[in-house]
Amino acid sequence: MRLTIGYQTIAAWMEAEGRRPFAFQEEAWEHILAGRSGLVNAPTGCGKTFSVFLGALIDFINAHPEDYRTRSANGLQLLWISPLRALAKDIGRAMEEVIRGLGLRWQVGIRNGDTEVSERQKQKRRMPEVLIITPESLHLLLAQKGYPEVFRSLKIIAVDEWHELLGSKRGVQVELALARIARVKEAAVSIIGISATIGNLEQAKEVLLASLQGMAGAMGGAKDFIVRANIDKPIDVESILPDEIENYPWAGHLGLKLIHKVIPILEQSRTTLIFINTRGMSETWYQSLLNVAPDLAGALALHHGSIDMELRNWVEEALHEGKLKAVVCTASLDLGVDFRPVETVIQVGSPKGVARFLQRAGRSGHQPGQVSKIYFLPTHSLELMEAAALKSAMTEGLIESREPMLLCFDVLIQYLSTLAISDGFYPDALFPELRSTYCYSEMTEDEWLEILHFITEGGVALQQYDEYKKVEVMEDGLYKINSRRVAMRHRLHIGTIVSDAMLKVRFTTGGFVGMIEEYFISRLDPGDVFTLAGRNLEFVMIKDMTVLVRKSNAKKSRVPSWNGGRMPLSANLGMMLRRKLDEASAMVEGGSGSKDLELKVLQPLFELQAALSYMPRENQLLIEQIETKDGFHLFVYPFEGRLVHEAMAALLAYRISRTTPISFSFAMNDYGFELLSDQPIPVDDTNVFELFSPDDLTADIQRSVNSAEMARRKFRDIAVIGGLIFQGYPGEYAKARHLQSSAGLLFNVFSEYDPHNLLIRQAYNEVMDQQMEERRLRNMLERVSGGSIVLRWPAKLTPFCFPLKVDSMREDLSSEKLEDRVRRMQAQLR
Amino acid sequence: MQPAFPYRIKGQQLWLSADRCIYWEEERSLIVSDLHFGKTGHFRKAGIAVPQSVYREDLLRLLCQIQYFRPRQLLVVGDLFHSRENKELELFLKWREDFPHLGIELIEGNHDILHKDWYEKAAIRVNPGVLTLGPFSFVHDIEEAAASNTYYFSGHLHPGIRISGMGKQSLRFPCFYFGSEYAILPAFGRFTGTVSIDPAPQDHVFAILPPANGVPRVGAPRGRLPMGGVRTPARDMGERNRPVTRPRSAGWIGPGSIFRIQ
């Protein structure tokens, strides 16, 4: 490779820029030149973009050694799939810099939801050599007639941030598109994923390349590869300790009390990123920081997914240029290119997982030889345990896996409609192609026929009185959408995989502020004041799917709550937490001290817990039963994350109610869960092991899921993606009003009148796999049955149960006969 | 089918049916609202595959109510049809032919946008605005009612009531609402959602429990003699002496039954 003109040209350019290729970049280039597909494992900010992009350039120069500088309009060479719109611009800029430096005549195009129509048309006339695209826009490309032409000259598909896409439905969209593109091309294409470190890198590669398997000749018999960057950067973690430990912690005031400790940190470093878990809290933090340190005005910015694109771009730009002292942000700044001026990161609240914490820490300290500095700011005192757990997990290299999604029928239905709009498809030819993807490799012939039936006939119908119309079967067996209205609606639909009903927020005088969830706005009355994008806004009215507001000087305002994005604690972090708890109970028993500062600080809390109830050891599960005026509480602390706890609560409620008619409501957080009933809960040493037994788990869970209606919530996304909910034409709200319906209503109607519908089935499957995390639940139950269960009846609330009691997100749950329950509710109403 | 619940107001005898309608004994009228016929068809035509059996069962339920109460007319308090004409409405026309003697009075709702010829064909009398009959007036949206001294029946809202018990448990059911000046009927169509209402303490609210399996159980208990003390609506029995379904006990609550919240 080193002798090729391409390599030498690139190496010379890099040298002139004062850079040298990293070993992993050269390794990746070798694979690219050999036409192989594979995975590059590199964290952000160490040249991962160049590991693929420069490889593509070397390949191009080698292929055209004479005239590589003058060749233009070469057709699409490199397709760059990236999950975030925000990344596109920065990546494009970096690429253009190289192209200019080399004097090439390549063009870099960007295509996503923000791309202007005129720009798209320009691309249609002349495809740029590099196209940076989101998965949704890629599918929109597949909805264009004659799309195979676009990919004719394509050599390399890069999938950036594959670890982010893997495990999401957008990842499934990528799988489908890759399978399609690989088959419409005559020449081979190599697929190269770029991923941060995750626990299942091998599997990540397998999922990405699945559709290339068995394509005779296409891979040229080349083996796939994983290249690892192996760039270790030291990370320094420091907890921000409260002056006084509250023995009854609660997540209500969210660490804002510690804000005065944040200011000196901001002052000491050039630029600081403050990561907050929810958009709502980031708004609160932004306001509070300005209140505490008014001189930060102008040097403090806010960045989250609901803020206007332009404003976000401005923030990112200002970050690059080092103009900002600090940015309050959410996961919106997790991905993407690095901001060199960032010296310090503050994580507020639990990062939920080791990988995420590492990624955020890695956002700081980019100068060579620097250390990544991250502060952990707990939102309640118990969370300090997490800092200790994270440190240990980092030392041991416990990084989480991302599980790929399987059999997403909603995405498939959307995709089939996409293909039916452009050139149509023949089912017999398409089926093997779909089965070549990882997601649909297990799809049965029956399921396939059912899907085809659903998109052509619309499921259960009254034959002669039906006018269902979507995909039509042409005479030669081609499946096609002919109706222009249906096609238009579908195009509008493709981008909606990220699906909460969001409304635009504008000033009455014009001027876009950002996006907000309909769910939040629906609870406001005109005149109410809320905060968005760091501004106080008075709600005026909703018109044409737009929230109209005016500026407000009101002192008090509501902070929007966004429903989405409640990540559960990861299994790895949960395990570490249990281990830390074990250390803490040893410390309380007086046997040994702890080397973790965080645990030492928490000692009074642990002592109170031990005095009132019990401090569990690593192989023990603690259950507390407490009676209050709200009723009878049962608290359990498995430390397995909120999703597993939710499932466990439903399962436990079901198992208890098999012997005693009783109904519960429940609450959970990442540490444990609560069952609450209006009558005593019959759990004691005689039956507790049975209740926590892994036997019959699948069957029991399915019965309890049914009553808990978890599937209903899952169905929302599925119904939107599967095209059952039409979110309206932009600016044409009125015309679609007779097509409005809610996912809850559709779920009821389908469950009652077409219960075997495959989207309903998918909702239940998703509940099992993701919501209930069945595998993790089973592991937990097996762990419990191998250890011991400790039951306690404390006289009052304990430090462990307090956050649960306060932070209650309750869900209706009953396995009682409806009649009995209504009767008892009536009795209480009297 | 579960028995109806007797309710007196303004000196009139009403029977509240768990199938989301009211039988008005004095006028021998069945009052229904928000049927939204043709809604599934409207969705399906747009490529949204809602199961059409919802509509078939709505028609079937209405048939059962008509056969049970034997009203001389149907008072529809608006939104009989969901949208423009489609094939599903042909099924309605066919259904309509089975009841040539049944009058249908439609108080126009915001969804009733069909051409007047169509209503004529279906033998439906359309009343824009308000219809007054004896002590009662009927209007689709109560907001549109003019101040008057009659008692209004309205629809439009699709009212639902949330009832909650200790331990933050709560359930929401469609309901009948009777305030001091007006009543709101639940939506008859099953492909409709509900909107929670917040009744005043003196208002009367009746919740409707969903049927056990969504299918009306036509003529389940048959041929039993009336038990003493239990009242049933005075109906036009016609020539035949029809069996009467009875409550299992006073105030029985079960799938497909009605119970009083306040």
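What the table below lists for this structure:
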| item | result |
| --- | --- |
| Selection count where residues are acidic (Asp, Glu) and buried (at least 22 other Cβ atoms within 10 Å of the Cβ), scope the range A:620-630 | 1 |
| Residue that is farthest from B:Phe191 (Cα to Cα) [pool: residues in the range A:742-783 that are facing chain B (nearest Cβ under 9 Å) and in a loop (DSSP other than H, G, I, E, B)] | A:Asn757 |
| Number of positions in the range B:63-74 that are in a helix (DSSP H, G or I) and touching a strand residue (DSSP E or B) at 6+ places or on another chain (Cβ under 7 Å) | 3 |
| Residues within the range A:438-488 that are among the polar types (S, T, N, Q) and in a loop (DSSP other than H, G, I, E, B), tallied | 4 |
| Residue in the range A:54-75 that is closer than 26 Å to A:Ser332 by Cβ and either surrounded by 19 or more Cβ atoms within 10 Å (Cβ to Cβ) or not hydrophobic (A, V, I, L, M, F, W, C) (or both) present | no |
| Residue in the range B:75-94 that is more than 11 Å from every other protein chain (Cβ to nearest Cβ), assigned to a helix (DSSP H, G or I) and surrounded by fewer than 21 Cβ atoms within 10 Å (Cβ to Cβ) present | no |
| Boolean, A:Phe726 is touching a Pro at 6+ places or on another chain (Cβ under 8 Å) and either modelled with pLDDT of 80 or more or surrounded by 18 or more Cβ atoms within 10 Å (Cβ to Cβ) (or both) | no |
| Candidates A:Ser499, A:Ser522, A:Ser483 - the one that is modelled with pLDDT of 85 or more, under 27 Å from A:Phe726 (Cα atoms), of a type in the set (S, T, N, Q) and out of contact with any strand residue (DSSP E or B) (no Cβ under 6 Å at 6 or more places or on another chain) | A:Ser483 |
| Residue match in the range B:38-59 (condition: more than 13 Å from chain A (Cβ to nearest Cβ) and either under 15 Å from the mean Cα position of the chain (by Cα) or surrounded by fewer than 22 Cβ atoms within 10 Å (Cβ to Cβ) (or both)) | no |
| Filter result (surrounded by fewer than 18 Cβ atoms within 10 Å (Cβ to Cβ) and either at the interface with chain B (Cβ under 8 Å from one of its Cβ atoms) or touching a residue at least 12 places away in the same chain (Cβ under 8 Å) (or both)) within the range A:463-479 | A:Gln464, A:Glu467, A:Lys469, A:Glu472, A:Val473, A:Met474, A:Gly477, A:Leu478 |
| Selection from the range A:127-176 of residues that are crowded, with 24+ Cβ neighbours inside 10 Å and small (Gly, Ala, Ser) | A:Ala158, A:Gly171 |
| Yes/no for A:Val371 being touching an Asp or Glu at 6+ places or on another chain (Cβ under 6 Å) and not assigned by TED's automatic domain parsing to the domain that holds A:Tyr764 | yes |
| Residue match in the range A:62-83 (condition: under 19 Å from A:Gly193 (Cβ atoms), assigned to a helix (DSSP H, G or I) and either modelled with pLDDT under 95 or not charged (D, E, K, R) (or both)) | no |
| Filter pass, A:Phe715 being in contact with a helix residue (DSSP H, G or I) (Cβ under 6 Å, 6 or more places away or on another chain) and within 14 Å of another protein chain (Cβ to nearest Cβ) | yes |
| Subset of the range A:306-337 (residues that are part of a loop (DSSP other than H, G, I, E, B) and at pLDDT below 80) | A:Ser306, A:Asp308, A:Asp334, A:Leu335, A:Gly336, A:Val337 |
| Number of positions in the range A:1-35 that are assigned to a loop (DSSP other than H, G, I, E, B) and either modelled with pLDDT of 95 or more or surrounded by 19 or more Cβ atoms within 10 Å (Cβ to Cβ) (or both) | 1 |
| Close pairs (7 angstrom Cβ cut-off, 6 or more residues apart or separate chains): on the phi > 0 side of the Ramachandran plot in the range B:1-25, in a strand (DSSP E or B) anywhere | B:Lys10/B:Tyr151; B:Arg20/B:Pro174; B:Arg20/B:Ile208 |
| Which listed residue, of A:Glu116, A:Glu175, A:Glu161, is without any contact (Cβ under 8 Å) to a residue 12 or more places away in the chain and either in contact with a helix residue (DSSP H, G or I) (Cβ under 7 Å, 6 or more places away or on another chain) or of a type outside the set (Val, Ile, Thr) (or both) | A:Glu116 |
| Evaluation of A:Leu412 against (1) at pLDDT below 90; (2) aliphatic (A, V, I, L, M); (3) in a helix (DSSP H, G or I) (one fails), failing number | (1) |
| All positions within the range A:451-462 that are of a type outside the set (S, T, N, Q), without any contact (Cβ under 8 Å) to a residue 40 or more places away in the chain and more than 7 Å from chain B (Cβ to nearest Cβ) | A:Leu452, A:His453, A:Glu457 |
| Test for B:Phe69: is it modelled with pLDDT under 95, within 30 Å of B:Ile261 (Cβ to Cβ) and away from chain A (no Cβ under 11 Å) | yes |
| Residue check, B:His156 away from every other protein chain (no Cβ under 14 Å) and modelled with pLDDT of 95 or more | no |
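Results for (1) surrounded by fewer than 24 Cβ atoms within 10 Å (Cβ to Cβ); (2) closer than 26 Å to A:Gly353 by Cα; (3) touching a residue at least 24 places away in the same chain (Cβ under 8 Å), shown as yes or no for each residue.
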site: A:Phe632; (1), (2), (3): yes, no, yes
site: A:Ala647; (1), (2), (3): no, yes, yes
site: A:Ala650; (1), (2), (3): no, yes, yes
site: A:Ile681; (1), (2), (3): yes, no, yes
site: A:Phe689; (1), (2), (3): yes, no, yes
site: A:Asp695; (1), (2), (3): yes, no, no
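Condition check ((1) closer than 26 Å to A:Asp243 by Cα; (2) in contact with a strand residue (DSSP E or B) (Cβ under 9 Å, 6 or more places away or on another chain)) across all residues:
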residue: A:Pro264; (1), (2): yes, no
residue: A:Ile276; (1), (2): yes, yes
residue: A:Tyr286; (1), (2): yes, yes
residue: A:Leu290; (1), (2): yes, yes
residue: A:Asp295; (1), (2): yes, no
residue: A:Ala301; (1), (2): no, yes
residue: A:Glu310; (1), (2): no, yes
residue: A:Asn313; (1), (2): no, no
residue: A:Glu321; (1), (2): no, no
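The values are calculated or read from the model by the stated rules, or taken from the named source; none is laboratory data. Remember, predicted model here, so these are calculated numbers, not experimental data. All Cβ positions, glycine included, derive from the backbone under ideal geometry; neighbour counts span all protein chains shown.
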